[in-house]
Amino acid sequence: MSPLNRRHFLQTSAAGAGLILTGTAASGAVQGANDRVRIAVAGLNGRGKNHIDGWLGQDNVEIAYLIDPDEKVLARTVKAVQDKVDGKFKVKGVRDVREALDDPNLDAISIATPNHWHSLMTIWAAQAGKHVYVEKPMSHDVQEGRVAVEAQKKYGVVIQHGTQRRSDAGIAGLHEAIQAGKFGRLKISYGYCCKPRGGIGNKSVSQSPEQLDWNLWRGPAEVAEYHGNYHPYNWHWFWQTGNGDLNNQGTHQLDVARWAIDTDQTHPVRAMAIGGRFQWDDQGETPNTMFAMAEYPNGQYVFFNVRNVNYKGYEHQVENEYYFEDGGRIIRGVYYPKGSDKGEKVKVARGNVTPGGNWGSFISAVRANDPSMANGNVNDAHYACVLGHLMNNSYRLGEQVPFNAKAGKFGDNAEAAEHFGRLHEIMDKGVGVKDNENYTVGPTLTFDPETEKHVGDHSEAANSLLKDKNRKGFEIPEIAKV
């Protein structure tokens, strides 16, 4: 598909789903120096290293800035990149992202910070006319994700989500075939984030390390005191800074799961979750075990399974499954008809994605100044993230119920009861969770996709979780003030 035809396809598809991706005078195609793209990378531990390697692997892309509040990490990374590029361009290290965004010659920013910074940096970058590649999840809560969407509409920059599977033409083709009815009507799109992790122990409140700018690290997050489990990685397991594995690794599989359902669906209308933080006895807050489900207005479901507790015989599952109304299913690329354990490998045409993988596709979109070319645009990002936020919020409002196979409250949803039962059996017989422990059973939350607010039972408590409080000087702006 040519870029022009692909652009027309994406724009008309977006319009059919009520989505708008716009470009304005605030953003522009990259001009001069043979379309050189100058990019900043924010967040240099962990995933940030992959960003650096990804951009260095693209033709005529310069890393103009490296950004991190940890002075030692910053200095080490600047030196490593400068040595690697061998004088081809000069890299500047700064601790505050705003210094980079003030540079009129900067084209884009690549965000690999802790989750609580993702939306604010995205919004600030859009306001500065910079294109954005932002790691998953794009948002730390529902409302800030909406502000990021509105910022893209107003300023017209490219925003691409770090959900790399959106650049996989095989997955795109599978979903196009599912939505065309090749396997019958999809009923349940199922994601797994089951990778072994360990506990993080308990760290006492202490002074932040001398090399860390604690004020900048916290940014918008209302975290009063430092302890050693925040920096550099375990912030994932605290609600004020992370979103647990459901909206960490799980964002990839959540996004794939939502991608497969009918294209006119945006947000679910109901969501609930059950789980717990078993065995580790640490200070982490987010669950290491969860079964969650969400129902869309058209009756399709997304199920999700988080299972991080390690045990003998642990089955690593970071994948997606598809269940159809006629009883057929697709598991690990094999289609099984109803009632059969004999399947055949799924063969479908490759789907429509911007070529170049996640890094190359973003650079192509930046050069073309075309937000619709992003593999995983701002709308896709928002809908995937909100799906996880709603599941997490149900868990956060849950009540303690004794650990047993009947703890789940699924009404007449036999499939949900069955899949929770599988998880419970693993936790019971595999992990060895004791009978005196408890599940956290979340309520079923009802959500209005149009207003992005909860209604009905539990709505007051649930709506209070739609927006985190922000520290002074790092507030997410109101939509009217973007």
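The values are calculated or read from the model by the stated rules, or taken from the named source; none is laboratory data. Small disclaimer: the values here were computed from a predicted structure and weren't measured. Note that each Cβ is placed from the backbone with ideal geometry, even for glycine, and that neighbours are counted across all protein chains shown. Side chains included, ligands, DNA and RNA excluded: accessible areas come from the protein's heavy atoms. Shrake-Rupley method; radii C 1.70, N 1.55, O 1.52, S 1.80 Å.
Ser464 contributes an accessible area of around 80 Å² to the protein surface, as traced by a 1.4 Å probe with all chains present. The translational diffusion coefficient of region 87-226, from Stokes-Einstein at 25 °C and 0.890 mPa s with a Kirkwood hydrodynamic radius over alpha carbon pairs, comes to 133 µm²/s.
Per-residue Karplus couplings for region 237-251, computed as 6.51 cos²θ - 1.76 cosθ + 1.60 with θ equal to phi - 60°, are listed in order as 9, 10, 5, 6, 10, x, 9, x, 6, 4, 10, 10, 3, x, 4 Hz, Gly and Pro entered as x. Region 178-198 and region 264-278 have their alpha-carbon centroids 14 Å apart. A straight line joining the Cα centroids of region 367-419 and region 64-114 runs 34 Å. The mean sequence separation of alpha-carbon pairs under 8 Å and at least six residues apart, normalised by the residue count of the chain, gives a relative contact order of 20 percent. Structural descriptor for region 276-366: relative contact order 13 percent, calculated from alpha carbon pairs under 8 angstrom and at least 6 residues apart. Between Lys90 and Val455, the simple spin-label model (points 7 angstrom out along Cα→Cβ) gives 5.9 nm. A straight chain from Arg36 to Gln127 at 0.36 nm per residue would run longer than the Cα-Cα distance by 30.6 nm. Protein heavy-atom accessible surface, 1.4 Å probe, per residue over region 321-439: 46 Å². Checking [x] 96, 35, 16; [y] 35, 28, 21; [z] 52, 22, 19 against semi-axes √(5λ) of the Cα gyration tensor in Å calculated from these atoms, the matching label is [y]. Rounded to the nearest Hz, the phi-derived 3J(HN,Hα) couplings of region 193-208 under the Karplus curve 6.51 cos²θ - 1.76 cosθ + 1.60 (θ = phi - 60°) are 10, 10, 10, x, 9, x, x, 10, x, 10, 10, 7, 4, 8, 5, 5, where x marks glycine and proline.
Farthest towards the positive end of the charge dipole of the chain, among the residues Ile261, Ile63, Asn298, is the Cα of Ile63, using unit charges on the Cβ of Lys, Arg, Asp and Glu.
Net charge of the neighbourhood of Asn229, taken over other residues with C-beta under 13 Å away and scored Lys/Arg +1, Asp/Glu -1, is -2. Between Ser340 and Glu437, the contour length at 0.36 nm per residue exceeds the alpha carbon distance by 31.2 nm.
Whole-Hz Karplus values for region 366-371 come out as 5, 5, 7, 6, 10, x Hz, taken residue by residue from phi with 6.51 cos²θ - 1.76 cosθ + 1.60 and θ = phi - 60°; glycine and proline positions read x. For the pair Lys467 and Arg197, label points projected 7 Å from Cα toward Cβ lie 2.8 nm apart.
How much length is gained on full extension from Glu475 to Arg76, taking 0.36 nm per residue of separation minus their Cα-Cα distance?
Working: separation 399, 0.36 × 399 = 143.64 nm, distance 3.04 nm.
Additional length available on full extension: 140.6 nm.
For Cα pairs less than 8 Å apart in space and 6+ apart in sequence, what is the mean separation divided by the residue count of region 396-442, i.e. the relative contact order in percent? Please report the intermediate quantities before stating the final value.
On the way: 43 pairs, mean separation 30.8, N = 47.
For region 396-442, the relative contact order is 65 percent.
Taking R0 as 22 Å, what FRET efficiency do you get between Asn215 and Asp102 from their Cβ-Cβ distance, rounded to the nearest 0.05? It would help to have the intermediate numbers written out before the result.
Details: r = 19 Å, r/R0 = 0.85.
My answer for the efficiency is 0.70.
Taking a virtual spin label 7 Å from the Cα of Glu315 along the C-beta vector, which residues in region 407-426 bring their backbone nitrogen under 17 Å of it? Backbone N within reach: 416-426.
Once both labels are positioned 7 Å from their Cα atoms along Cα-to-Cβ, the gap between Arg47 and Lys347 label points is 3.7 nm.
Which order do the peptides 269-280, 330-341, 122-133 take when ranked by the mean count of other beta-carbon atoms within 10 Å per residue, highest first? Write out the running numbers ahead of the final one.
Numbers: 269-280: 22.8, 330-341: 13.0, 122-133: 24.5.
Highest mean packing first, the order is 122-133, 269-280, 330-341.
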